[in-house]
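Each remark here refers to the structure printed beneath this line.
The values are calculated or read from the model by the stated rules, or taken from the named source; none is laboratory data. Note that the structure is predicted; figures quoted are calculated from it, not measured. Because the Cβ atoms are built from the backbone with ideal geometry, glycine has one as well, and the counts that use them run over all protein chains shown. To get the accessible areas, we keep the full protein, side chains included, count just its heavy atoms, and leave off ligands, DNA and RNA. Shrake-Rupley method; radii C 1.70, N 1.55, O 1.52, S 1.80 Å.
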Amino acid sequence: MDNQFFTYRNLGEDYISLGNDIRLGTPTAVFGVSEAHKYLLSSLPEQKILYIAPDGVSAAKAYKSISTLSGKSCALLNAKDEVILYKDALSKDALYKRLTALHLMQTGVQIVIADVESIMQLFPVKLDSICFDAGREYDYSGLPQKLVQMGYTREYSVDSKGSFAVRGDILDLFPINSDNPVRIDFFGDTVEKIRPYDSSSGERLEEVNGISVVAATDVKFNAEDVRVVKTEISSCLKSSPSEALRRARAIADEIFMKMDAGAPFAGSSFVMPLLNCACTVFDLLDKNTLIIFDECKLIGDRINGIFKEHTERIRELKKGGEA
């Protein structure tokens with residue numbers, strides 16, 4: 001879509017007045033418009049936009065339409081599946097989609113469309129990434145450790161997103177922000193070739209000059225974070241119900257062991273509220289970002305519902321030593 005076609009001036013006087021109010025920072029509301037008209041209005045402003053929808057289905061629909069109508073770079077920000085219950089094994093699809101959108105936010109995407117639950121969750125202050133470029137030098141011997149710190153797992157072969165394998169001068173890697181794994185040929189510390197390949201057939205795809213690899217975790221911690229987490233969780237254990245204490249201690253011991261190892265781990269969102277890496281979405285937005293609320297009443301009701309469900313789940317999980 002030609003983003004010069006739909007402009008306030010092209011659409012008429014009422015739109016020009018709306019555009020002026022938005023540029024001046026005047027809180028503005030629009031009533032009685034169709035769904036398509038709503039998306040059109042949201043595609044017009046020139047500044048960066050955070051568009052908040054009441055649920056994931058509405059957000060996905062808005063993303064598709066606003067991307068088409070605006071002609072601008074857009075990202076769809078979803079919620080993580082689980083932030084309260086500690087799980088060692090969980091699906092990472094939702095997390096990887098969220099991290100990909102966060103990377104786009106950090107690299108200058110113009111419009112972010114999000115459901116309200118996704119912006120109520122915590123965010124990393126900074127999301128790590130690596131750009132591999134042909135002809136560029138890297139510390140090849142240090143790359144495995146760097147990738148592990150970014151949440152990637154070292155495997156014998158690369159079969160799923162978030163994994164990598166090293167064989168001689170070849171690094172196979174499946175970035176979480178890519179549809180295909182990639183083989184990177186090194187000559188010493190220099191990247192010679194970057195070749196994506198089909199994960200099912202192994203067929204080599206067209207060679208590329210560079211690829212961006214986004215971290216596979218939104219949790220990052222240091223020695224001070226480990227100390228804080230141990231202190232806080234140990235304090236909570238003292239007030240745990242006696243019938244839940246065994247389970248609570250087992251979870252605590254497992255978390256302490258994994259944090260002492262120094263690498264990100266599955267279920268680390270469990271301790272994210274205690275870490276220095278955590279912030280809110282408003283800490284990440286540019287100062288002049290325009291925030292658009294799609295159906296304020298529905299959003300308000302959804303916020304209250306999420307908050308109530310969250311607090312009730314914590315209360316129940318504590319009884320079993322799970323939180």
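Carbon-plus-sulfur fraction of the accessible area of region 42-173, 1.4 Å probe, in percent? Mind dumping the intermediate values first?
Working: 2970 of 5860 Å².
Of all accessible area on region 42-173, carbon and sulfur atoms account for 51 percent.
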*asked:* From the phi angles alone, apply the Karplus equation (6.51, -1.76, 1.60; θ = phi - 60°) to region 31-47 and give each ³J(HN,Hα) in whole Hz, x where the residue is Gly or Pro.
replied: 10, x, 10, 6, 4, 5, 5, 4, 5, 4, 4, 6, 8, 7, x, 7, 7
*Looking at the chain, send over the antiparallel percent of its DSSP beta bridges, to the nearest 5.*
60 percent
*Given H placed on each backbone N at 1.01 Å, which residues far from T153 in sequence or on other chains put an amide H within less than 5 Å of it?*
S163, F164
*How many lysine pairs are close in region 181-323, with Cα atoms under 26 Å apart and the two 8 or more places apart or on different chains?*
18
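Rounded to the nearest whole Å², what accessible area per residue is found for region 1-157 with the 1.4 Å probe?
Values: 8230 Å² over 157 residues.
Per-residue value: 52 Å².
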*Over region 189-287, with every protein chain in place, what whole percent of the accessible area is carbon and sulfur at 1.4 Å, could you tell me?*
48 percent
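Mind checking region 21-130 for chymotrypsin sites (Phe, Trp or Tyr not before Pro) that DSSP puts in a loop (not H, G, I, E or B) and that have at most 12 other Cβ atoms within 10 Å?
Details: sites: F31, Y39, Y51, Y63, Y86, Y96; in loops: F31, Y86.
In loop regions of region 21-130 (DSSP not H, G, I, E or B), the sparsely surrounded chymotrypsin sites (Phe, Trp or Tyr not before Pro) are F31.
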*Counting only residues 5 or more places away or on other chains, whose amide H sits under 5 Å from the amide H of I292 once H atoms are built in the peptide plane?*
L50, Y51, I52
*Around K193, which amide H atoms from residues at least 5 apart in sequence, or from another chain, sit under 5 Å from its own amide H, with H modelled in the peptide plane?*
D185
*Pick the calculated P(r) over Cα pairs in 10 Å bins from 0, in percent for this structure from (i) 5, 18, 20, 17, 16, 13, 8, 3, 0; (ii) 5, 22, 27, 24, 16, 6, 1; (iii) 6, 25, 35, 23, 10, 2, 0?*
(ii)
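Of the chain, which part is the longest with no trypsin sites (Lys or Arg not before Pro) in a loop (DSSP not H, G, I, E, B) and with at most 14 other C-beta atoms within 10 angstrom? Write down the numbers at each step before the final one.
Details: sites that count: K87, K126, R136, K287.
Here the longest segment lacking exposed loop sites spans 137-286.
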_Using the Cα centre of region 132-284 as origin and beta-carbon charges of +1 (Lys, Arg) and -1 (Asp, Glu), tell me which of N222, L284, I255 is placed farthest towards the positive end of the dipole._
I255
*Enclosed volume per residue, in Å³, of the convex hull spanned by Cα atoms of region 166-323*: 229 Å³
_Euclidean distance between Cα centres, region 41-67 to region 124-196, Å_ = 33 Å
*asked:* At 1.4 Å probe radius, can you tell me the per residue accessible area of region 196-323 in Å²?
replied: 61 Å²
*asked:* Could you give each residue of region 98-110 its phi-based ³J(HN,Hα) in whole Hz, using Karplus coefficients 6.51, -1.76, 1.60 with θ = phi - 60°, and x for Gly or Pro?
replied: 5, 5, 4, 5, 4, 4, 5, 4, 6, 9, x, 4, 7
*For region 225-232, in order, what is each residue's ³J(HN,Hα) by Karplus, 6.51 cos²θ - 1.76 cosθ + 1.60 with θ = phi - 60°, in whole Hz (x at glycine and Pro)?*
4, 4, 4, 4, 4, 4, 5, 5
*Could you list the chymotrypsin sites (Phe, Trp or Tyr not before Pro) in region 149-206 that lie in coil according to DSSP, counting only those with at most 15 other Cβ atoms within 10 Å of their Cβ?*
Y156
*If we count every other residue with Cβ under 13 angstrom of R204's Cβ, Lys/Arg +1 and Asp/Glu -1, where does the sum land?*
-3
